[in-house]
Structure formats: C-alpha cells, structure tokens
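The values are calculated or read from the model by the stated rules, or taken from the named source; none is laboratory data. Values in this document were obtained by computation on a predicted structure and should not be read as measured data. As a convention, Cβ positions derive from the backbone with ideal geometry for all residues, glycine included, and neighbour counts pool all protein chains shown. To get the accessible areas, we keep the full protein, side chains included, count just its heavy atoms, and leave off ligands, DNA and RNA. Shrake-Rupley method; radii C 1.70, N 1.55, O 1.52, S 1.80 Å.
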Protein chains: 2
Amino acid sequence: MDKKMETSKRSHTCGEIRENFIGKKVVLSGWVQKRRDLGGLIFIDLRDRSGVVQLVFGKEINEQAFEKASTIRNEYVINIKGTVTGRQPEQVNEKLKTGHIEIMGDELEILSKAETPPIYIENESKVSENIRLKYRYLDLRKPKMLNKLMIRHRATKIVRDFLDANGFLEIETPILTKPTPEGARDYLVPSRVQKGKFFALPQSPQLFKQILMVAGMDRYFQIVKCFRDEDLRADRQPEFTQIDMEMSFVNEEDIIKLNEELISKVFEEILGITIPNPIERMTYQEAMERFGSDKPDLRFALELKDLTEIVNQSDFKVFSTTVKNGGHVRAINAKEGGKKFSRREIDALGEFVKTYKAKGLAWINITEEGIKSPIAKFLSDIELNNIVKQMDAEVGDLILIVADKPQIVYDALGQLRLELAKKLQLNRDNQYKFLWVTEFPLLEFDEEEKRFVAKHHPFTSPMEEDIPMLETSPENVRARAYDLVLNGVELGGGSIRIHDSQLQEKMFGVLGFSTEQAWEQFGFLLEAFKYGTPPHGGIAFGLDRLIMLLTNTDNIRDVIAFPKTQNHSCLMTEAPTIAEKDRMEELGIGIEKTRNKDE
Amino acid sequence: MDKKMETSKRSHTCGEIRENFIGKKVVLSGWVQKRRDLGGLIFIDLRDRSGVVQLVFGKEINEQAFEKASTIRNEYVINIKGTVTGRQPEQVNEKLKTGHIEIMGDELEILSKAETPPIYIENESKVSENIRLKYRYLDLRKPKMLNKLMIRHRATKIVRDFLDANGFLEIETPILTKPTPEGARDYLVPSRVQKGKFFALPQSPQLFKQILMVAGMDRYFQIVKCFRDEDLRADRQPEFTQIDMEMSFVNEEDIIKLNEELISKVFEEILGITIPNPIERMTYQEAMERFGSDKPDLRFALELKDLTEIVNQSDFKVFSTTVKNGGHVRAINAKEGGKKFSRREIDALGEFVKTYKAKGLAWINITEEGIKSPIAKFLSDIELNNIVKQMDAEVGDLILIVADKPQIVYDALGQLRLELAKKLQLNRDNQYKFLWVTEFPLLEFDEEEKRFVAKHHPFTSPMEEDIPMLETSPENVRARAYDLVLNGVELGGGSIRIHDSQLQEKMFGVLGFSTEQAWEQFGFLLEAFKYGTPPHGGIAFGLDRLIMLLTNTDNIRDVIAFPKTQNHSCLMTEAPTIAEKDRMEELGIGIEKTRNKDE
C-alpha cells in the first residue's frame, strides 16, 4: 500500500489497486479517462499519476452515486468511495495492471467539471506540437509525457545521491552575473539600481566552480539552469540544465572513473542496462579518422578509410591535386549500398555531402558485372584494385569518396556515415554505445577573428608534453579534455584546468590577449589563482540530452515541462511580452525605434 | 577511512587521520595553514575541507622534503607523503581532532604557491565585509564559512530525500518567463528574437506549480531560484532560493502534517533538536492580539494586553477619543523594566514606537513608592488599578501603552516587544519555537490603489464559511493560508488554492479586475482551470532563511556562496557591468539618456 500518497481525499492511488484489495473499501481521486454506459451500469476509467482503474456505478450499487455518474464527462475530477471486487474471468483486462479488479462505486463527488479538452489525453494523439504546447497541462496528462518527467526526476535524484555519497557539495552559483567572455551570446538583464549596467545570465557556472575549488570546497556539483541566447536548433533551448561538477586534487583518470560509476548507476537504475566498465576510449584524432566525428556513433561500423596514399599520384587530378594541396581523400564503404541504392539515391548522397561543404562525392559501385563508376575511367587498374582492397569492398557494396580539405572530408563523411545508417536501415535500437573521446585539440583557428580560440574554454589545461608547442605550433597542442559520447550524442564534457598563473598567462597570450585584456575579462579568476590553487578539473553533462536518451526521444521539448519554441516563445504563457512603460523607465532603457522595423 | 575522497593525489583527507593510523603511510593534499620552525624541525598545519593535521619536516626525516618545506608560506597548496606517528603526551593538542598524531614528512611537492592573502583565513578575523566579499574565495576557506555551505548542502539533501520518499516529483519551471501580475518588481530580460519584447525572471513558480497540478503531476517540488528587483533589506537578496511544493487532493491538514515531518527531519538531523509534534498553531487574529505580529517570537512572553475596555470612558481624552474613533488601547508589561530602565531609556522607547507610526507611548512605572507615570494624573484610581491588574504588574514593572488605530497599535507594540526582549536581555539562545499561523485575512485594502489586494496571492482560497462575506465584507474573509514561523521569522507560507473557476472569477471581481483584465493577466491559468482541476495547495520555504536559522547567523550573505551587496553588486566579479554596444543593438534596446543623470 502506497501509504505516502494517502491524503484526506484518498486512501490509495488508482494504479496500485490489485487483487489483494478485493473486499476492501477504498477512496480514490482522479480524472475521468472514459465513461461507458452499458446495460444500466456506468463504467468509468479513473486516472491518476499512478495509472487507471475501472469504476462501476449502478442503481443497485448506489443510486445517488449512479445518478451523479451519469452526469460526468471526460476529464472531470472526481472523488469516489467504493469496494474493490474481482472481475469475471471474461472481463479481465490484461493490458491494465489493475485489470483483474474493478471498484463498485458507493459515493461520488465531482471535484471539478471539465469542458471538452482541445486535445485527446492519449499517448498517440495526432495533434500539432503547437497545440500541445499551448495546452501543455493537457499534453502532460498523457502517461507517456508524465513518464518522461518522472524519469527526469528519478535520474536527477540518482545523480544527487551518488555525488552526495562521493563527497560533493551542491553549491548554488548566481543567475544574475557577468557576461561570459569568449562564450556564446548572453542574455542580458538591465540593473535598476545601477542604471545603464547589465547582469548576464550564466552560460555555465565555469568560473564560479573554479573559484569554489580555490575556496577549498574540494568537490562541487550543481544541477543548474544555464542560458544561451542562440538561434535554436532541434536539440537546443534558450535555458537548459546542466549537471555540473568540479573536483580538486585530481587528474583525468579520477574524473573519468567517478563519472563512469555515475553514468553506470543512472543507466542501470533507469533502464536496467549494464555499461561496460571501463568505458571505451578513443583519442580525438582516431575518432576523426575512423568516424569523421568527435562524437562517433558506435552502434554501426561504416568506418572511414584513408585513400590518400593510394591516389596521391593518380592521373585523376581531382584526387591528386587535392592531396598536393594538403587535402585528404577518404571514403566509406556503404555495405550493400550498391545493391540497395538507385542512381538517384546516390546522386542525393552527393547533394547531401555538399551541404557539409564538400565539393562532390565520387562513388564506385561493385556489381556482379564489375566496377561501375563515373570516375573509373580516370583511375588506373592498380589504383582501383587498391581502393577496393583498402575498403574491403565486395560485390553489392558502394564506395563513397570525398577529396577535400581534411576538416571538410571528416565533416562530410562523418555526416554521410550517419545518413547511410539511416538509409541502409542499420539496426540502432536498444544499443547503448558509450565512448570517451580524449586528447582534443586545445585550440582552433578562428578564420573570422584571425586568431586562435579555445576549443573548450581558456582554462583548459594543455597536455604536459605539448606545452612547448604552445609557442611553436599551437594548432597541434592537445588538451587534457574529455567528452562522454553515447550513440553519437555528446552527453557531457570537461577538462583538467590550468591551475598555474604563468601557464594561464601563456595561454592568454596564444589566444591573442594582452595581459590587460586578460585581466579585464578574467581578472577575478586570475586574482584568485594567486592565493593557492589546487589542481582541479571537472565535467558537465547536458541533463536535457541525458533524459532524451533515457526516454528514447529526439524532441528536447518532450523532456522539459515548459519548453520554448524555435522563436523563443512559450506558447502557454505567451512569454515574452511587451513590457510596461513604467518598468522600462525605472530601468532607464528604451526600445530603439530603428530596430523595430525588423518586427 | 574516507575512501570516497581518495584520488590520485591523496590517500586520505587531513581531518580524518587518528591514532589508529599510527605507523601508516599517507598521501595528503591541502593548504598550508601555518608554518613554524622549531629546533631544526619545520611544523606545518595542513588544511583541507575535513580539517587540519600537523606535518613535521626535518633533515633527519627527509632532507629534500625539509629543504622544500623551508620555502613554503601560508596558503601554499602542497602534496605530501609521510608516516603517521603518535605525539608525545605533552605535545598532544586536544583542540584538534587530529591532535594526538602528527605526520613525518618524507616527500613534499608544491602544487601552487600563494601570495600573502589580503585576509586571514581565520574564523574571527576582523575584516570589513566588502573585503571579504571581494576575496570571497579566501573568506570561504574559513571553516566557519565552509561549514555554513556544508549545512546548506546537507539541509537541501534532507529536504529532497524526504520529498522524494513522499512521492514528490522535482520538476523544473522556466526562468525566462512572463511578468508576475500583482507581484513585486520583476527583473526583465530583453528578447533578441522578438525585439521589443521581454521575458521576466520568476518571483516564484506559483502559476507553473498550479498548472502542474492541473497537468496531473499530483505532487511537485523544486528547490529553485526566484528573483525580485527590490531595494535590499538586511535579509533579502535579488536572487533567493525557495523550497517550493504543491500537492493535489489535499487540505490544510495534509500539507501541515507533511511539512511538520519535513521540518522535524531537517532540525533533527542538522541540529539534533526534536520539534514538538504537532507544532503549536495560532490564528492570525490571536497572534496579532497577543504578540502584535503575524510571526510572533515565542521564545519570550511580553504579551500584549487589551486596555480598551478599561479606558474607553476615561477622562484621559487621548485614550477615550482613540477608542471612540475605532482605535484600540493596548499595552505590554515590561517585566522589571521599571527597575532596569532609566528615564532616558523609556523616552527612547517612545521614539522607537514613533518609527512604527504610533503617536506616542504612555508608561506607568510601578515603584516601591507607588505608581509613577506622566499620565497617572489623568486616570482615575479605578482605571489605574484595573490597568495594573490587567497587566499583572508588580513592583519593578513598567507598563507601556499605545493608543492608536488597531494596525498601528499592533505594529508598534509588536516591534516594541522585540525591542524590549533585546533591552531586557531575555534569553533567546538555543531555543527553537515553531508556530503555525493560520486563518490569515484573504485581502488587505491598498490605500494607494484604493482597492483590495490579495494578502498572499489571488489564487488563495477563502475559508468555506467566509465565502458569502466576499460580497458583503471582504476585509473579514479569512484565507485557507498558513505560515510556519520560527523564533519570529517566517520560514515559509502557503495556502489551499481556489480550484473552481467561478470562485476564482468572484475573487478577481473583489480585487477589482474586470473579466477582461483577469484573462489578460492570468488567462492561461484560467483556461487551464476549465479542463478538470484537482483541489490543491502548497507551501514555499525560504531556503536562505532556513539555513540562517540552522547556522545561527543573521547575515543572509553568509549562507550564499556568492551574494550581492545592498546596491545589487557582486564585489568579486564586479557584476553588473556596462554592456557591449553590439549586444544592445542586437537586442534593439538603448540606454535612456535622460535617466543617466541619476547615476
């Protein structure tokens, strides 16, 4: 008996009534899922968070309750008293956990009437997402939606319990804070008390968690809202939640080991899945070369192979010139793709890689009749044979080749690989392939700003042995950074931080900051580092994404109670809204008329 | 052995080493609290989160480590290997948990050097709070400050465990949302995507949690940041944290009972205090009449007594005219105040009540020689005797009387009561007097707006039996609201909500809203209520205040890792700051020049 849910208005929850209750009186409250009138009896499916149970009202059972029952409609909220009885064998509903019993209704009180809801409270109702978001309170009544929020609750509870047991302190960091230097676009909040100045909403508690290490907190975590004012992609929201942590006196191994335990626990307890211990690791370099991605989906092969050496002397200039100019030639063997894809489908793949900036997609079809390929005539037999051999290609296979600048080759083939898995309908269900990707590049060159920028953030520590290269070839310096990837999705990432002021200043130098600029932007952290800083590092997981993976959805809005649409609107509350004039005046800000024309 | 804190850089934590470790090798990391050179030996107090342990370095122990030890200074971060040894009896330091042992240092690595910190890392260092806030990371190193954050962590963990065990789901509600109608001042966040429009930061998740009940979540909680753009009082911050909850199918008793268990658990586990079960209750009316406050401090008596009946016919016109005009005459017997207070101190009390709008303070001093009072000559002997009797006054006591409008009498005497407790040095230490205050007025008349406003919020349910008075005498309608008070501080408050659309509309009518206005402001909630709403209610606790009470501090900034000052600044990060011009342009907002003169 689920004692804890007992209140003055119920003795039990609907979903927990079983055959061992037969003969007992129960008091239940809930929503009317369905009413059927049948042979002088009224059957009602009563729903609460725990499930559905069938009520029966009849003149013979209780006339008053029967009369009331005859007035109720779907989604009415009612309170009933009744007696649990077993169903006749032919009436048993095996689909319901409560399907062996029903409740003879002695009393019925209508707690709240309901108009006909604009959407059906059914898992599979086909309603546009905008309507679902407008009537979010109805959409959330669907067991499927409720279940996602329940899993979110349970998963965060497991995380908190685990981190607490491992000596982490949950410490709140400010929401009204300073703009993030070197970050994405901040949300700004005008200050009334200091007119003309602004707070920024945090993109992450990065600086604060490092400060907490300087403060001697030793182990910090927080499950915390973060904010980025970006144009939304499918899996992004303006506000999102991070599982954020930081540890002192640790190296990569300490952090990886602890987080493997954490993630194992979550997947074990929520999905009953045992995760390999330890989780596989791969360097960034290997991930790019084999999968064209720093978050490879390991549920299928379709690995990239390097053809550069084979074709660098080729008469086919597209290949050899590319190589001469420092490019790569790499390919994927789409197993059985030759048999399965039409010429039109192959052309579509060519268009697909162009969206990732590749100039084109060469293909070689291995048929029963031999090689078919528009480029075959440009390649020597030796070259063709070596390609087929390198690609392990058999009859029925399709070799797909991209020759371009290395990053474009990786991107295009990495994305093509995912596309092929879909098109070839490779089985990806119920597989959970975890992977640590390590040794990320510390820096990337920003073509727009014409300078190096930090790939993670400016506090990420370079690998010890690469430090000398900071001055000679920064692009080759690897970071003490690690990402945890699941099925091609980045679950989280982190790094060991720089805890040495001198190394930090050198890093700022590489990023093109003068000492003054560095101090202007990160002064308080640099100041803090002067007074005794423990070696430290951390990691942050995207909670929304984690829950998406745990609940098997690719819609981030399904795992957030009140999400926003692509244009940053909440369709239920209609936020954002026009502000009152008084408030604007108090804040000392105005709407720029010139900008309003964009509206 | 605290296994969980083991990392690659330590086998144990400093504070856990005891006599049973003697002879063992340990690896420790931490901050140098103190270094003393003595007879060719160097003693170092090494500190981490868990405590302090003494290290000993000597040429005889390890020369290299000794040489390094001789270079280190306070707040250096070091890593050491050494052997635990027992101290000579005369060397034992009983003040330290680790005071029976010390560690002979075999190896020493300096992990981070430290400049001389601008504040001492000592609990009682006398430094201005502004310096402490600027160097927050140093201030937080003090065991006393660390301990407050650790208690905060533990208390929230206890709350989460309890609510989880009682079927509550933690569900996140948006931070970027709509302005709060009928609330305090909102923080606004300009939308870039919808230029000219604004989000507001939530003052509480009130509407969302009610929506979650409509959505069938049944039990919701959240430990959540809330925001109010108000001028700061001592115990306020622009962002603060609430323990927020809501339950369906409940009445007041269900909520009070559950929260008594919750609060008991927190105080039991953190302070080892057993709270009375059930907690005492008092109606708002009784609290005002006896203590002049809706959050009475029950650690001392000094109750208000009513003299209205005694003096309503008095020749002393100050009293009788006040009564004639609907005012009250009430008094406090400041026990032994006659003996203890000088004439000047009594005059100061008169000034004190004037700050609460009372016109004056009459006093009667009961001395060995009889009654001394400036008003004695205006009162008859019978009146005087009745007053003394009503006040239970004895020789040495001081009767303090206020005659004024009822609310002023309550306020002035309520505050005077607290002031007297301080002046009379009544013992208030180590007492925890909990109290539920119930049956609050539903409405209060707003003199500025010339209309009734909701005392809690517009969704608070009136008491069933008072509903008819909504139309006849709204000021007398009591709410199904309850506050939990501890030692004169409001820990939390809540109510049963209106779940009936008709009653809700009637309520809006009393508040002077047209149907259109009500829908404009609360439309989505009113819409939601149309589709089946369970009876529901909730409560919210101020987490910061709770932690203040648990850690015995009256400075809210001491229980928040990174608090703001009275002018809404973070002295460490220097937020808020001037925004970049580009960002302002993107947002389509500008600083109003006319307003800048206020700067």
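Using the Cβ-Cβ distance between A:GLN431 and B:ILE273 with R0 set to 45 Å, the FRET efficiency from 1/(1 + (r/R0)^6) comes to roughly 0.30. D by Stokes-Einstein for chain A, Kirkwood Rh over Cα pairs, 10 °C, 1.306 mPa s: 55 µm²/s. Accessible surface computed residue by residue for the stretch B:353-505, with neighbouring protein chains in place and a 1.4 Å probe, gives 47 Å² per residue. Using only Cα atoms, find the angle between the long axis of helix B:343-354 and the longest principal axis of chain B, and express it within 0 to 90 degrees, rounded to the nearest 10. The two axes meet at around 80 degrees.
For the residue pairs B:LYS335/B:LYS357; A:LYS209/A:LYS581; B:LYS97/B:LYS134; A:LYS305/A:LYS405; A:LYS142/B:LYS197, the alpha carbons lie more than 27 Å apart in A:LYS209/A:LYS581; B:LYS97/B:LYS134; A:LYS142/B:LYS197. Which residue, chosen from B:MET288, B:LEU349, B:PHE66, occupies the Cα position most advanced towards the positive end of the dipole of chain B, where the dipole is computed from +1 (Lys, Arg) and -1 (Asp, Glu) charges on Cβ about the Cα centre? Going by the Cα projections, it comes out as B:PHE66. As a ratio to 2.2 N^0.38 Å, the alpha-carbon radius of gyration for the stretch A:300-427 is 0.95.
Of the residues A:ILE578, A:ILE101, A:ILE408, the one with the largest accessible area comes first in the ranking A:ILE578, A:ILE408, A:ILE101, computed with a 1.4 Å probe on protein heavy atoms.
Per the Debye calculation on the stretch B:94-196 with a single equal scatterer at every Cα and no solvent contribution, log₁₀ I(q)/I(0) for q = 0.11, 0.13, 0.19 Å⁻¹ amounts to -0.79, -0.96, -1.11. Scanning residues 5 or more positions from B:GLU490 or on other chains, none has an amide H under 5 Å from its amide H, with H placed 1.01 Å from N in the peptide plane.
The stretch A:159-186 and the stretch B:435-497 have Cα centres lying 37 Å from one another. Bridging of A:LYS59 to aspartates and glutamates at a Cα separation below 14 Å is possible for A:ASP37, A:GLU67, A:ASP106, A:GLU107, once same-chain residues fewer than 8 apart are set aside.
Cross-link list A:LYS339/A:LYS422; A:LYS265/B:LYS148; B:LYS389/B:LYS433: which exceed 20 angstrom alpha carbon to alpha carbon? As for pairs spanning more than 20 Å Cα to Cα, those are A:LYS265/B:LYS148; B:LYS389/B:LYS433.
Evaluate the relative contact order of the stretch B:14-112 (contact order divided by residue number), counting alpha-carbon pairs under 8 angstrom at least 6 apart; express in whole percent. Working shown, then result.
Details: 240 pairs, mean separation 33.5, N = 99.
Computed value for the stretch B:14-112: 34 percent relative contact order.
Placing dummy labels 7 Å off each Cα toward the beta-carbon, the span from A:ASN567 to A:GLU60 is 6.0 nm. The alpha carbons of the protein assembly as shown stretch over 127, 101, 68 Å along the principal axes, in descending order.
The figure for B:HIS12 is an accessible area of roughly 10 square angstrom, using a 1.4 Å probe on the protein chains alone. B:GLU253 exposes around 100 Å² of accessible area when a 1.4 Å probe is run over every protein chain in place.
Rounded to the nearest 500, the 222 nm mean residue ellipticity of the protein assembly as shown from helices alone is -8500 deg cm²/dmol, with -39,500 (n - 2.57) taken per DSSP H run of at least 4 residues.
Counting DSSP beta bridges in chain B, what percent are antiparallel, to the nearest 5?
On the way: 93 of 100 bridges.
Around 95 percent of the beta bridges assigned by DSSP in chain B are antiparallel ones.
For the stretch B:14-112, would you read off the P(r) tail past 18 Å as a percentage of all alpha carbon pairs? Percent of Cα pairs beyond 18 Å in the stretch B:14-112: 37.
Measuring only protein heavy atoms, the 1.4 Å probe finds B:HIS499 accessible over about 50 Å². Phi-derived couplings, Karplus 6.51 cos²θ - 1.76 cosθ + 1.60 at θ = phi - 60°, listed residue by residue for the stretch A:4-21: 4, 8, 5, 9, 4, 10, 6, 8, 8, 9, 4, x, 9, 6, 10, 4, 5, 8 Hz, with x used for Gly and Pro. Simple point charges give the picture: +1 on the Cβ of Lys and Arg, -1 on the Cβ of Asp and Glu, and for the protein assembly as shown a dipole about the Cα centre of about 100 debye. Computed on chain B, with alpha-carbon pairs under 8 angstrom and 6+ residues apart, the relative contact order is 13 percent.
When B:VAL84, B:VAL510 are compared by accessible surface with a 1.4 Å probe, the order from highest to lowest is B:VAL510, B:VAL84.
Where both residues lie in the protein assembly as shown, what percent of DSSP beta bridges are antiparallel, nearest 5?
Working: 196 of 210 bridges.
Restricted to the protein assembly as shown, the bridges split so that about 95 percent are antiparallel.
Suppose a student asked you for the relative contact order of the stretch B:500-599, using Cα pairs under 8 Å spaced at least 6 residues apart; what percent would you report? Don't skip to the end; give the middle numbers.
Numbers: 33 pairs, mean separation 11.5, N = 100.
The normalised contact order for the stretch B:500-599 reaches 12 percent.
Inter-copy label distances for B:THR274: 4.7 nm (label point placed 7 Å from Cα along Cα→Cβ; shortest first). For helix B:406-423, what angle does its Cα long axis make with the longest principal axis of chain B, in degrees from 0 to 90 and rounded to 10? The angle comes out at about 40 degrees.
For chain B, the longest principal axis of the Cα atoms and the long axis of helix B:381-390 meet at an angle of about 40 degrees.
These residues, A:VAL27, B:VAL318, go from largest to smallest accessible area, 1.4 Å probe, as B:VAL318, A:VAL27. Using θ = phi - 60° in the Karplus curve 6.51 cos²θ - 1.76 cosθ + 1.60, the 3J(HN,Hα) couplings for the stretch A:427-442 round to 6, 10, 6, 6, 10, 10, 9, 8, 7, 8, 9, 10, 6, 5, x, 6 Hz; x is entered for Gly and Pro. Amide H to amide H, with H built 1.01 Å from N, B:MET463 comes under 5 Å of B:ARG478, B:ALA479, B:ARG480, counting only residues 5 or more places away or on other chains. Here the accessible area of the stretch B:14-112 is 47 percent carbon and sulfur, with a 1.4 angstrom probe and all protein chains present.
Sequentially through the stretch B:526-540, phi angles give Karplus couplings (6.51, -1.76, 1.60; θ = phi - 60°) of 4, 4, 4, 5, 6, 10, x, 10, x, x, 8, x, x, 7, 9 Hz, Gly and Pro residues having no value and appearing as x. Once the chain from B:GLU6 to B:GLU465 is taken as fully extended at 0.36 nm per residue, the excess over their C-alpha distance is 159.0 nm.
Rounded to the nearest 20 debye, the dipole magnitude of chain B is 1980 debye, with +1 charges on Lys and Arg beta carbons, -1 on Asp and Glu beta carbons, and the Cα centre as origin.
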